[in-house]
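The values are calculated or read from the model by the stated rules, or taken from the named source; none is laboratory data. If you're wondering where the values come from, they're calculated on a predicted model, not measured in any experiment. We place every Cβ from the backbone using ideal geometry, glycine too, and count neighbours over all the protein chains shown. These area figures cover heavy atoms from the full protein model, side chains too; ligands, DNA and RNA do not enter into them. Shrake-Rupley method; radii C 1.70, N 1.55, O 1.52, S 1.80 Å.
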Amino acid sequence: NMKVKGDLRTRYQWEERDGSEERHRGRIRLRLGSEMKVNDEVKVSAGLATGGSDPRSTNQTLENTFQHPDIRLDYAYAEYKPGTGTWLTLDAGKIKGMPLFTPSDYLWDTDINPEGLSANLAWPVRPNLKLLLNTGFLILDESSTDTSDPFMVSLQPGFKWDILEYEPEKVCLETAFTYYVFDNVEKSILDNSSGTNTTENGKRKYDYDSVSFSSELGVKGPFGAEGFLPYAGIIGEYI
């Protein structure tokens, strides 16, 4: 009832940017995860990874005269799926990956593992068509001296359509709209911000509620080229 997985990546990284000196560094990334089946409906997943406080990266730069780098909690959450072949998935904890349809990293880096609650519904209305509804209540920060903790609520309706009904998953179109509602972000100081939002005296000036449209048209083995091109797609995302 338990699965263990892991991977190690080592690399040499060279960067050259206009207006700055060249940078040369060695980097490693180690990830170790486990998945534990509690019963037929509940499982618990947890993982450790190298890296520091940056939620966008689990890479560790080799530096500081052979120091012992950090190992941190990468994710830890419980997942509930009521019944076999269910259309509902509930997650709680530090969830692995954004609980949304995100065809690109335009808004969310693929290394981000959010914290909170999520519910994902995939309702089959036809053998080749599913209606989707992804929701999340995600915690952004917490203060012991203030009850106005910042959080985010996401609501994402959409659909997934296997266009060739006689050949499932050969040509697939997935499209969704997402509404993000932020609360208590205005006048807050958020760690690990990308620094691109408007601030006033070091604090966020707005709440940044937003709407997103995402779509992906994918083809498996286009033009009969499964050997060297197993998948091709066109994606679009607007926020």
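A few comments on the model shown:
- Of the trypsin sites (Lys or Arg not before Pro) found in region 1-95, those in coil by DSSP whose Cβ has at most 14 other Cβ atoms within 10 Å are R17, R56.
- FRET efficiency, 1/(1 + (r/R0)^6) with R0 41 Å, evaluated for H24 and Y206 via beta carbons: 0.55
- Average Cα contact separation per residue, the chain, under 8 Å, 6 or more apart, as relative contact order %: 11
- Couplings 3J(HN,Hα) of region 84-96, computed from phi: 7, x, 5, 9, 10, 10, 10, 10, 8, x, 8, 7, 7 Hz, in residue order, whole Hz [Karplus 6.51 cos²θ - 1.76 cosθ + 1.60, θ = phi - 60°; x for Gly and Pro].
- Karplus-derived HN-Hα couplings along region 65-78 (A = 6.51, B = -1.76, C = 1.60, θ = phi - 60°), whole Hz, x at Gly and Pro: 6, 6, 5, 7, x, 7, 10, 10, 6, 8, 7, 6, 7, 10
- Think of region 80-161 as a dipole: +1 on every Lys or Arg Cβ, -1 on every Asp or Glu Cβ, centred on the Cα centre; then among Q156, P99, P124, P124 lies furthest on the positive end.
- Efficiency of FRET from Cβ geometry, F213 and Y166, R₀ 22 Å, rounded to 0.05: 0.15
- Cut-off of 10 Å, at most 14 other beta carbons, DSSP loop: longest stretch of the chain lacking such GluC sites (Glu not before Pro): 64-141
- For the chain, the equivalent ellipsoid derived from the Cα gyration tensor has semi-axes of 31, 26, 22 Å, listed largest first.
- Cα centroid of region 42-83 to Cα centroid of region 169-207, whole Å: 23
- Whichever aspartates and glutamates have a C-alpha closer than 19 Å to that of K5, once near sequence neighbours (fewer than 8 apart) are set aside: E35, D74, E79, D111
- Surface share of carbon and sulfur [accessible, 1.4 angstrom probe, percent] for the chain: 55
- Cα-centred dipole magnitude for region 81-239, charges only on beta-carbon of K, R (+1) and D, E (-1), debye, nearest 20: 420
- Simple spin-label estimate for W108 and S194 in nanometres, 7 Å along Cα-Cβ: 1.4
- Gain upon complete extension [E41, H68; 0.36 nm per residue less C-alpha separation]: 5.8 nm
- Note that region 120-239 shows a convex hull volume over its alpha carbon atoms of 138 Å³ per residue.
- Gained length - K5 relative to Y231, 0.36 nm times residue gap less alpha-carbon distance: 78.9 nm
- Charged-residue dipole, Cβ positions (Lys, Arg, Asp, Glu), region 44-164 about Cα centre, Debye nearest 20: 760
- Gain on full extension, evaluated as 0.36 nm per residue between A92 and S57 minus their Cα-Cα distance, stands at 10.4 nm.
- Note on L155 and L131: the model spin-label points, each 7 Å out from Cα along the C-beta direction, lie 1.5 nm apart.
- Value of Rg/Rh across region 63-107 [Cα atoms, Kirkwood radius]: 1.21
- Ellipsoid equivalent to region 44-139 - semi-axes via the Cα gyration tensor, in Å: 33, 15, 11
- Solvent-accessible heavy-atom area per residue, rounded to whole Å², over the chain at 1.4 Å: 66
- Listed residue pairs exceeding 30 Å between alpha carbons, taken from K160/K205; K3/K94; K94/K170; K94/K220: K160/K205; K94/K170; K94/K220
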